[in-house]
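> One structure, as C-alpha cells, below. Some questions next.
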Amino acid sequence: MSTLVDNIAVLVTNEADRPERENAALVIEDGKVAWLGDAGSAPHADERIDADGRCVIPGFVDSHSHIVFAGDRSTEFEHRMTGQPYAAGGIRTTVAATRAATDAELTANAARLVAEMRAQGTTTLEIKSGYGLTTVDEARSLAIAATLTSETTYLGAHVVPAEFKDDPAAYVALVTGEMLDACAPHAKWVDVFCDNGAFDVDQARAILKAGMARGLGARMHGAQLAPSGAVQLAVELGAASVDHCTFLTDADVGALAGSETVATLLPGVEFSTRQPYPDARRLIDAGATVALACDCNPGSSFTSSMPFCIAVAVRDMNFSPAEALWAATAGGAAALRRTDVGGLAVGQRADLVILDAPSYVHFAYRPGVPLVHRVLVSAD
Ligand SMILES: [Zn+2]
C-alpha cells in the first residue's frame, strides 16, 4: 500500500542540505517516506492525498513529559499568578494524588493527554515516571507509560518524598537499588531533577550512573531554578539531553556546544512559572543542539501543545520560526537519540502533519489557533 501526498506548498524534511522544499510531493510506502520531489511529478501510488496548498511538517517529537499522574494543581497555578513563586516541593501534592489513584485512573488520564498531544501534531512522545516515588508506584507508572510509548524514563529521583525528608541519602539508596531493579525492565532512560530543593550534583551522579549500569540512557532536569553543576555533569556522563537550561553559565554553554548532549528548552515552564526565558540564540550560536518540548505536567507546565511552545519560543526565546520547528522535530529526535523520526527524508518514518496553513511560520504568527489539519502516523 502506497500513498502520495501531493500539492504541498512547503514540505519540511529537515534534510541537512535542503531542509524544506516548495511545491512538493512525497510518497509513503510501508510506513516510511519512499520518494520526495516536485508536486505533479510523483510516481504512481495506490492512494492520493491532496494537500491543496498546505504546509507539511514532520510530526513533533516531544521528548519530555510527565503525564502519568492524578490530581489537579490549578489552585497552585492561580496562587503563583498572584505572586507566590514556584518551588520544586509542589511535586509532592501530585505524588499524594498519584499514589491514591487506581491503575485504571492513571492510564485513562495519560491516554487522554496522549490523544490531546496527537491532535496537536505530536507523533513521538517521551513519558517519565516520578509521581509515585515508592518502588511499587514508580514501577506501575512506568508500566502504564510503556503501554503508550517506547520512550519511557525512570524518574524516581524527581524529588525526595516527604517520608524521606530527614534522610535523603536513604532515598538515593532506594532509587539506585530496589526501585531501580523494579523499574529498569519498563524503562529506556534514567533521569534526575538536579536543582535547588531536589537532588545535588553528587546525588545526581550516583543516580544516573546506577541507571546507566543497568543499560538505561541518561537524561537530566538541570538549571531550571538556578545555575549549578548539573549541565556539566550531564555532559560529563554523555547524557542524551539536559532539560530546562533556564540558568546557564558561559561554561555550561561551552560544554553543551562541544558535546553530543542536547539542550532541551521547555517554554511552557517559564510561561507557567513566570521565570525568565532562556536565550536560545546563545545556545544555537555557540553550536549546541537545541530541542523544544512541552514538559507536560500538572505543576509547572500543563500544556500538551508543541505549537504553543513554538509560538513562545519564537516570541520570547529568540528562535527563528525555522529553528523552532527544527528544535520541535529533529531536535526532539536528537534528544531521544532517534534518527527514524523528526524528519521526512527518504527512509524516515512517515509521521507527518498537514497544517491548515501554507507555512509553519503560522505557528508563531497565529498563536493559539488550531492549525493541524491532519496527522499521519506510520504503523510500527
Ligand atoms: Zn520535567
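> Quick one: dipole size for the chain, taken about the Cα centre, charges +1 on Lys/Arg Cβ and -1 on Asp/Glu Cβ, in debye to the nearest 20. Present the calculation step by step, with values, prior to reporting the outcome.
On the way: 28 positive and 47 negative charges, 57 e Å.
My answer is approximately 280 debye.
> Can you tell me which aspartates and glutamates have their Cα less than 20 Å from the Cα of LYS209? Leave out same-chain residues fewer than eight positions away.
Within the straight-line limit of under 20 Å, LYS209 reaches these aspartates and glutamates: GLU138, GLU151, GLU178, ASP181, ASP191, ASP195, ASP200, GLU236, ASP243, GLU260.
> Further question: Amide H to amide H under 5 Å from ARG48: which residues, 5+ apart in sequence or cross-chain, H placed 1.01 Å off N in plane?
Here the answer is LEU4, since their amide H atoms fall under 5 Å of that of ARG48.
> Simple spin-label model, 7 Å along Cα-to-Cβ: ALA100 to ARG374 in nm?
Placing both labels 7 Å along Cα→Cβ, they lie 4.6 nm apart.
> Grab the DSSP H runs of the chain that are 4 residues or longer, score each as -39,500 (n - 2.57), total them, divide by all residues and round the 222 nm result to the nearest 500 deg cm²/dmol.
Helix-only estimate at 222 nm: -9500 deg cm²/dmol.
> List, in order, the whole-Hz ³J(HN,Hα) value for each residue of region 90-105 obtained from phi through the Karplus relation with A = 6.51, B = -1.76, C = 1.60 and θ = phi - 60°; use x for Gly and Pro.
x, 4, 5, 4, 5, 4, 4, 5, 5, 4, 7, 7, 7, 4, 5, 5
> Against the longest alpha carbon principal axis of the chain, how many degrees, from 0 to 90 and to the nearest 10, is the axis of helix 306-316 turned?
Its long axis makes an angle of about 80 degrees.
> I would also like to ask the following. Å³ per residue of the Cα convex hull, for region 60-335?
Working: hull volume 29.8 nm³, N = 276.
Dividing the Cα hull volume of region 60-335 by its residue count gives 108 Å³.
> Counting only other residues whose beta carbon sits under 14 Å from that of GLU260, what net charge do I get with K and R as +1, D and E as -1? Provide the component values of the computation, followed by the final result.
On the way: positive: ARG219, ARG337, ARG338; negative: GLU236.
In short, +2.
> Going toward the positive end of the dipole of region 60-335, with +1 on Lys and Arg Cβ and -1 on Asp and Glu Cβ, which of SER63, ALA198, MET212 do you reach last?
So the residue furthest toward the plus end is SER63.
> Please work out the Cα convex hull volume for region 279-380 and give it in Å³ per residue.
126 Å³
> Classify region 169-215 as rounded, prolate or oblate from the Cα gyration tensor: take a ≥ b ≥ c as the square roots of its eigenvalues, call it rounded if a/c is under 1.5, otherwise prolate when a/b beats b/c and oblate if not.
prolate
> What's the ranking of 57-67, 166-176 by average number of surrounding C-beta atoms within 10 Å, highest first?
With the highest mean Cβ count within 10 Å placed first, the list reads 57-67, 166-176.
> Let me ask another. Between beta-carbons, use under 11 Å as the cut-off and find the net charge around VAL353, counting Lys and Arg +1, Asp and Glu -1. List each step's numbers first, then the result.
Values: positive: ARG54, ARG118, ARG374; negative: ASP351, ASP356.
Spelling it out: positives minus negatives among the neighbours equals +1.
> Where does each of 268-278, 334-344 land if you order them by average Cβ count within 10 Å, highest first?
Values: 268-278: 18.8, 334-344: 22.6.
By packing density, highest mean first, the sequence is 334-344, 268-278.
> Restricting to Cα pairs below 8 Å that are 6+ residues apart, what does the relative contact order work out to for region 60-335? Please round to a whole percent.
Details: 589 pairs, mean separation 52.1, N = 276.
About 19 percent, as a whole number.
> How big is the gap, in Å, between the Cα center of region 334-358 and the Cα center of region 205-272?
Taking the Cα centre of region 205-272 as reference, the centre of region 334-358 is 24 Å away.
> Can you put TRP189, TRP35, TRP326 in order, fewest other beta carbons within 10 Å first?
TRP35, TRP189, TRP326
> Taking H as built 1.01 Å from N, whose amide H comes closer than 5 Å to the amide H of GLN348, not counting residues under 5 places away?
Amide H neighbours of GLN348, under 5 Å, 5+ apart: VAL33.
> Quick one: net charge around THR82, please, counting Lys, Arg +1 and Asp, Glu -1 for every other residue with C-beta under 13 Å from its C-beta.
On the way: positive: ARG80, ARG274; negative: GLU76, GLU78.
For residues surrounding THR82, the net value is 0.
> While we're here: Could you work out the relative contact order of region 109-263, using alpha carbon pairs under 8 angstrom and six or more residues apart, expressed as a whole percent?
That works out to 16 percent.
Each reported figure results from applying straightforward, stated rules to the coordinates on display, with no laboratory input. Please read all numbers here as calculations on a predicted model, not as lab measurements. As a convention, Cβ positions derive from the backbone with ideal geometry for all residues, glycine included, and neighbour counts pool all protein chains shown.
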